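Down below is the structure, laid out as structure tokens.
Just so you know, all these numbers are worked out from the coordinates, no wet-lab data involved. Fair warning: this is a prediction, and the values are worked out from it, not measured in the lab. Cβ atoms come from the backbone with ideal geometry, glycine included; neighbour counts cover every protein chain shown.
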Amino acid sequence: MDISSTKIGGFDVVTLEGEFLTEPEQNDFRTFVRGLVSDGAGHLVIDLGAIRHINSCGLGSLVCALIMMKKVGGDFRITGVNRDVGKILELTRLDTVFRIYDGIREATGDRIAHRQQGDGKEASEAPRETGLSGPAL
């Protein structure tokens, strides 16, 4: 699995490519996110658009990243969820835990647009309807 990141409007956007299946990949991802948090990342978007498969190791890594961001008062969002990954998120009910957006622009856009209005408050959240059932937390 390849991991890269870029900054978009105050968000660190982490792009994952390949398969998110093994423990070494999980450790690489956790180390990568831990480094971003240590460097002051407060808003994180994980782009799963190029992930072909995910299993419990990958899901555990995403939960770990969410917890890391919550501990620092940060924001955690997911984008690029394909049909197979979406089904797994639904079966595990993680679709009720993660804020899932259609694309990077949507995941970062509401905060950017709000800042441009200049009122200094956090933007209203506009996660997409995933089509996955379950109550929101």
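Summary of computed values
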{"quantity": "Computed log₁₀ I(q)/I(0) - Debye formula, equal Cα scatterers, no solvent, segment 29-116, q 0.10 Å⁻¹", "calculated": "-0.25"}
{"quantity": "Virtual paramagnetic centre 7 Å along Cα→Cβ of ASP39, amide N under 16 Å, in segment 3-17", "calculated": "3-16"}
{"quantity": "Stretch gain in nm, segment CYS64-ARG105, where the contour uses 0.36 nm per residue and the Cα spacing is subtracted", "calculated": "12.4 nm"}
{"quantity": "Potential lengthening between ALA50 and ASN82 on full extension [0.36 nm per residue; Cα-Cα distance subtracted]", "calculated": "10.6 nm"}
